[in-house]
Amino acid sequence: MSGARLLLLVFGAALGTALLRYLPAFFADRPAHRHLERLLQGVPAAALGALLVQSAPTALPPGHLLTTIAALSVAIVLSLRPGGVLWPVAGAVAVAAFGLFLHLP
Amino acid sequence: MPPRLARIVDTRALPIALGYLPVAFAFGLAAVALHAPAWFPILLSLLLYAGASQFAALHLVATGAPLVASVLAIWLINLRMALESLSFFRRAGWSRRPRALALWLTDETFVAASLGPAPQPWEFLRLAWLPYSAWVAGTALGALLGGILPSLLRDAFGISIDALFLTLLVSTLRQEPSAVWSALCGAAAALLAQPLGGWSLLVGMGTGAIAHLLIAPKVKETRP
């Protein structure tokens, strides 16, 4: 693709995506049916589940399944303690780095 | 985190930014490896700011797909953002002007901002500016200086977003146990829809939301 076509691709994609993000914000004030309300309330947890399934298997390079499981287990255990998200994430990254350094599976 | 820093950065922004850096770095690196000019991935990250569709854009450019088809494909991949935006702003109840911050709504910032109390605009800003900066900076570094970050660190940071998601999931389930149905159904549907590629996330979100509609209220009603 030439430079001009690449530029058109960037602006076309960005404009459409900006509208997808921005326009629904203006429909958010309208009163909705209680079923739609409940449906929308379920979106964050559903997105969380779907994102986990999609990204967790590829979080580390292939061949490190046990390290991935160990790192995420550490995140779960540390998240049971009160005190924010920083320690669970730091613990998971440390375990992942350790596993990758030792070439654990 | 020092209180001064905590005033301008939400702690949940750090793991998101750490997770974005290596992915953005890889994106910049991949774009240059495909002989795209360095400005292309940087401009995409600045203006589009949507990971999956940016990688798809690279693929479309590399395979020589027609321009209009490429743009339409990117819009379709990002269709879920309309659902996220609607869900987020119904809950947030902001006035009109700060809604421009919707442009910084990504899957990760949406999930982080949607769990717990509804954020005010400045609270969302505290959450969103660092991941955006990390995404653009990571892309620029990958495109301009690829290969300087040790691969071990790059790979290890890949786990940070999933660890954040798990942490958020655990805290959500402790506050609202009925959310387990949305999360489980969303995960199962996304898993089954893997062959659909970029659509699987939208399918997962839709299915999980329907599960919440059908199951969660009943669970709440039967609770003593």
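Coordinate-derived values only; no laboratory data. What you see is a predicted model, and the numbers here were worked out from it, not measured in a lab. For neighbour counting, all protein chains shown are included, and Cβ atoms are generated from backbone atoms with ideal geometry for every residue, glycine included.
Descriptive notes on the structure:
- Shape metrics for chain A, restricted to C-alpha atoms - Rg then Dmax, Å: 20.5, 56
- ³J(HN,Hα) computed for each position of the stretch B:168-183 - Karplus, 6.51 cos²θ - 1.76 cosθ + 1.60, integer Hz, glycine/proline x: 5, 5, 4, 5, 5, 5, 6, 7, 9, x, 5, 5, 4, 5, 4, 5
- Semi-axes of the equivalent ellipsoid of the stretch B:3-150 are 28, 20, 10 Å, computed as sqrt(5λ) over the eigenvalues of the C-alpha gyration tensor in descending order.
- Calculated FRET value between B:Q120 and B:L192, using beta carbons and R₀ = 30 Å, to 0.05: 0.20
- In nm, spacing of pseudo-spin labels at B:W39 and A:L104 (7 Å Cα→C-beta vector): 4.7
- Per-residue shielding of B:43-54, expressed as the average number of other chain Cβ atoms within 10 Å of the residue Cβ, stands at 4.
- Once C-alpha pairs closer than 8 Å and six or more residues apart are averaged by separation and normalised to the residue number of the stretch A:49-105, the relative contact order reads 38 percent.
- Using every pair of separate Cα atoms, the Kirkwood estimate puts the hydrodynamic radius of the protein assembly as shown at 20.2 angstrom.
- Ellipsoid equivalent to the stretch B:42-112 - semi-axes via the Cα gyration tensor, in Å: 27, 12, 10
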